[in-house]
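Student: Please see the structure below; I have some questions.
Readers should treat all values here as calculations from the given coordinates under stated rules, not as data from a laboratory. Model, not experiment: these values are computed from the prediction. Glycine gets a Cβ as well: all are built from the backbone with ideal geometry, and neighbour counts include every protein chain shown.
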Amino acid sequence: MEYRTARLVSSRLARVVTTMALLSGGASLLVSSPAGASGSAANTISAVAGPSDASVKGFFTPSAKATSGDAVTITLNSRSSGCTLKSDRVTFSAAGTCVVAYNDPGNATYAPAAQVTQSIKVYAANTISVSTSPAAGSTGGSYSPGAAATSGDTVVRSLMSTSSGCSLVSNRVVFTGAGVCRVDFNDAGNGAFAPAAQVTQSIKVYAANTIYPSVAPAAGTVNGTYSPRASSSAGDAVTISLGASSTGCSLLKSVVTFTGNGVCVVHFNDPGNGAFAAASEVRQSITVGTGNPRAQAALMLLSRRATHGHPLVLVSSGGSGSGAVTYTVTTVGTAGCSISRGILHTERAGSCWVMVTKSADALYSSEKSLATSITVAAQRPAAVRMSSVVWTGRTVMTSIIGSGFYGTPKVLSNARGTMVSVVRDSGNRLTIRVRVSKGIPTGLHRFTLFFSHGQRTSVKYRQR
């Protein structure tokens, strides 16, 4: 028993010595760990630096590495506000403090890494809105740049270091010489709003430009002339023209000729050049003869009613001066109106529209009235006589003579058995076809004419 125990101890001791010999010879010893256990090697997370602050609608993509080589888990801390995380991208959505957390639980060789966090202050977005600047400036001019920020802060105005040709005093820009004036607008933000992006306005500044015209005559005489001349500070050729409202003159080859009564308006312009601004337009007004004609008093058509078949002499009131008065049909209407030498003629009852015009004279311009409606009444028809007799048992053509006939009236006889049809209506002669049945007593009978406006007239006829 003692011998077997000694052999077992001796055998185990020999294996230990052999193992130590193998290790000393460079062999490696593998030791297995229970499943899920972490190693003990040091593990550190290195995160790419994020922004210290941000504004709403901004974003950034967080990134990190671990000593273990594992993929670092990126999440938002439970205390985080003002941001969201989706597909490893952080988006700033509202004012707050965004806290991004980085974690690595380790692996079989490396221990879990200490959590790394990044805190980012998120501010509300801030924008500067500025007033419109002048397209260009000239020496001696100025403007007051207006601005407002979303934050409600006072926007700081300053001149850029490269600005020239202007100065800034009490938020007013004064143009001092040729150059490019550059105005900066800034807002550093506050506890709730982020700094705003800088806004810059650039204004080209030109040297001042003035036009010096020749002296115009105090008045113009019809058929007289005037030769306007001018120079400018820019040294450019000054453009000379007549204004759109100019009357009583013409301009040809830089010579103004006074052609009639009116007010001649001469314009002088210089658009400037690369060094000088456009000059303010200079105008010269010269009264020619009696000057511009005066406006007449208002015209009015007094004639408002007419009767078809009776030509109407038109009458108006108002106007001024000695100009001729004329009348014009603006709409012929249902009456079919026409005018000849101031007299209105109609084709039928109805209405039409007429305008009065009084021409200009030496003192007054022409004048027109508003178009005025004239109502044309139907003429009262009157049958006077028959052109011939009618015969019993026959069909004859005859005519009713009268005036004011219109619209092909219906004709009836008081003698039963007598049939009448209208063949033609010429206004004062109604041609009819009459058929008299046999047995109708001869003698005097009566035709009655019925018109569309409810009017009627009658005439006696003789039957044989």
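Student: Return one number: the angle in degrees, 0 to 90 and rounded to the nearest 10, between the long axis of the Cα atoms of helix 2-24 and the longest principal axis of the Cα atoms of the chain.
Tutor: 50 degrees
Student: Would you mind calculating the relative contact order of segment 45-123 from Cα pairs under 8 angstrom and at least 6 residues apart, reporting the percent as a whole number?
Tutor: Working: 187 pairs, mean separation 27.9, N = 79.
Relative contact order of segment 45-123: 35 percent.
Student: Give the residues of segment 378-410 whose amide nitrogen is closer than 17 Å to a point set 7 Å from the Cα of residue 448 in the direction of its Cβ.
Tutor: From segment 378-410, the list is 381-384, 409-410.
Student: Suppose we keep just the DSSP beta bridges with both residues in the chain; what percent of those would be antiparallel, to 5? Intermediate results must be reported in sequence, preceding the final value.
Tutor: Numbers: 112 of 127 bridges.
Within the chain, antiparallel bridges account for around 90 percent of the total.
Student: Right, next: Just from its helices, what would the mean residue ellipticity at 222 nm be for the chain, if runs of 4 or more DSSP H residues each count -39500 (n - 2.57) and the sum is divided by every residue, rounded to the nearest 500 deg cm²/dmol? If you can, show how the numbers build up before the last one.
Tutor: Working: 1 runs with 23 residues, N = 464.
Result for the chain: -1500 deg cm²/dmol, rounded to the nearest 500.
Student: Taking a ≥ b ≥ c as the square roots of the Cα gyration tensor eigenvalues, with a/c under 1.5 meaning rounded and otherwise prolate when a/b beats b/c, else oblate, which class fits segment 212-288?
Tutor: On the way: a/c = 2.63, a/b = 2.37, b/c = 1.11.
Prolate shape, in that a/c is at least 1.5 and a/b is the bigger ratio.
Student: Positive end of the charge dipole of the chain (Lys, Arg +1 and Asp, Glu -1 on Cβ, about the Cα centre): tell me which of 315, 141, 120 has its Cα farthest that way.
Tutor: 315
Student: If the cut-off is a Cα-Cα distance under 12 Å, which aspartates and glutamates reach residue 121, setting aside same-chain residues fewer than 8 apart in sequence?
Tutor: 53
Student: Charges on Cβ only, +1 for Lys and Arg, -1 for Asp and Glu, centred on the Cα centroid of the chain; of 372, 192, 276, which one is farthest towards the dipole's positive end?
Tutor: Checked the options; the winner is 372.
Student: Relative contact order of segment 212-288, please, whole-number percent, based on alpha carbon pairs below 8 angstrom and at least 6 residues apart. List each step's numbers first, then the result.
Tutor: Details: 171 pairs, mean separation 25.1, N = 77.
With pairs under 8 Å counted, the relative contact order is 33 percent.
Student: How far apart, in nm, are the 7 Å Cα→Cβ label points at residue 73 and residue 156?
Tutor: 4.6 nm
Student: Please label the shape of the chain as rounded, prolate or oblate, based on the square roots a ≥ b ≥ c of the eigenvalues of the alpha-carbon gyration tensor (a/c under 1.5 means rounded; beyond that, a/b larger than b/c means prolate, else oblate). Kindly include the intermediate steps, with their values, before the conclusion.
Tutor: On the way: a/c = 6.57, a/b = 2.05, b/c = 3.20.
Oblate, because a/c is 1.5 or more while a/b does not exceed b/c.
Student: Can you give me the Rg/Rh ratio for segment 392-448, using Cα atoms for both radii and the Kirkwood formula for Rh?
Tutor: Using Cα coordinates only, the ratio equals 0.98.
Student: Under 8 Å for C-alpha pairs, at least 6 residues apart: give me the relative contact order for segment 128-206, rounded to a whole percent.
Tutor: Details: 189 pairs, mean separation 27.4, N = 79.
In percent, rounded to a whole number, it is 35.
Student: Which of the peptides 438-444, 168-174, 124-130 is most tightly packed, and how do the rest follow, going by the mean number of other Cβ atoms within 10 Å of each residue?
Tutor: On the way: 438-444: 10.7, 168-174: 13.7, 124-130: 17.3.
Going by the mean number of other Cβ atoms within 10 Å, highest first, we get 124-130, 168-174, 438-444.
Student: Okay, moving on. Please work out the FRET efficiency for the pair residue 237 and residue 180, using the Cβ-Cβ distance as r and a Förster radius of 25 Å; give the result to the nearest 0.05. Don't skip to the end; give the middle numbers.
Tutor: Details: r = 27 Å, r/R0 = 1.08.
Plugging the Cβ-Cβ distance into 1/(1 + (r/R0)^6) gives 0.40.
Student: Test of understanding: what is the full-extension gain from residue 458 to residue 396, defined as 0.36 nm times their sequence separation minus their Cα-Cα distance?
Tutor: 20.4 nm
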